[in-house]
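Just below is one structure, and these are the notes that go with it.
Quick note: the coordinates plus some simple rules give every number you see, no bench work behind them. Keep in mind the model is a prediction, meaning the values are calculated, not measured. Note that each Cβ is placed from the backbone with ideal geometry, even for glycine, and that neighbours are counted across all protein chains shown.
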Amino acid sequence: MTPGPTLQDLIDGVRADAQDEDALVQLSEASRTVADLEATSDALLGHFVDQCRRSGRSWSQISGALGVSKQAAHKRFSLDVPNFERFTDRARSVLAQAEGEAQRLGHGFVGTEHLLLAVFDIADGLAARLLGENDITKSIVEGQVVARIKPGAKTEERKLPFTPRAKAAVQNAVHEALQLGHNYVGTEHLLLGLFADGESVAAKVLIELGISHDAIRAQLLESQ
């Protein structure tokens with residue numbers, strides 16, 4: 001097995017990237033590095049789980065290899081979105097554009113942060129409007145994202161895997177639509193779905209910007 005970076009390697013890397021001896025500056029850089037590592041490891045597992053599924057391996061086999069229960073593996077890595085045809089054209093555009101956002105930032109995966117950025121690219125979508133009403137713009141969100149996950153080197157365009165958290169957000173968008181009694185999944189439901197995992201980058205960014213799931217939901221109900 002190719003050895004990963006040691007703790008000392010990571011410490012040295014953080015100090016080099018911080019370019020400052022101040023402990024708080026280094027702590028901030030360490031936080032960015034950890035977020036970057038978490039997103040990459042999340043995407044790495046998702047890639048190989050998807051590979052196992054395509055080769056016909058069962059969830060029992062996958063959970064055994066991961067050392068977790070079958071239920072836990074299925075919940076984290078599956079993307080069984082029912083009635084995908086119920087996604088509006090705008091919602092489908094967000095999913096497609098999210099990959100473009102990941103490529104633009106030089107990331108090798110599509111995470112919740114890319115879904116959030118893609119929402120702004122569908123300017124006539126309800127999600128973009130709701131965020132705009134809260135004075136949240138794409139540039140503000142992007143600043144928050146790159147503060148957590150550094151942009152990478154631009155690479156040739158290729159199909160990028162969705163992280164388990166991004167897949168869960170899409171799953172949760174369907175749940176949000178059903179909870180609201182809607183027979184379609186729009187950009188607004190994708191936005192609500194991003195709050196599914198409070199540890200995801202998108203949820204952290206939105207919360208830090210003063211937006212909560214309940215506030216967006218209330219806004220949505222008022223606009224109907």
key: Rg and Dmax of the range 127-187, Cα atoms only, in Å   = 15.3, 43
remark   = Given the candidates 134, 37, 13, the one whose Cα lies deepest towards the positive end of the charge dipole of the chain, counting +1 at each Lys or Arg C-beta and -1 at each Asp or Glu C-beta, is 37
ask   = residue 51 to residue 89: extension gain in nm, 0.36 nm per residue of separation minus the Cα-Cα distance?
value = 10.9 nm
Count of lysine pairs in the chain with Cα separation under 30 Å (8 or more residues apart, or interchain) = 20
inquiry  = Need the full-extension length gain, residue 17 to residue 221, defined as separation in residues times 0.36 nm minus the C-alpha distance. One decimal, nm.
reply    = 68.9 nm
request  = Filter the DSSP H helices in the chain by two things, a Kyte-Doolittle mean of at least -0.5 and an axial alpha-carbon span of 20 angstrom or more, and list the hits by number.
outcome  = 23-54, 164-179
query = Can you list residues whose amide H is under 5 Å from residue 110's amide H, if they're 5+ apart or on another chain and H is modeled 1.01 Å from N?
reply = 162, 163
Fluctuation leader among 100, 13, 46 - the chain, Gaussian network, Cα springs under 10 angstrom = 13
query = Peptides 117-130, 134-147: what's the order by average Cβ count within 10 Å, highest mean first?
reply = 117-130, 134-147
request  = Based on a Kirkwood Rh over C-alpha pairs, give the Stokes-Einstein translational diffusion coefficient of the range 96-224 at 10 °C and viscosity 1.306 mPa s in µm²/s.
outcome  = 109
Pair residue 133, residue 199: separation of 7 Å Cα→Cβ label points (nm) = 3.3
Kirkwood-type radius of the chain, with distances r between different C-alpha atoms, in Å = 18.6
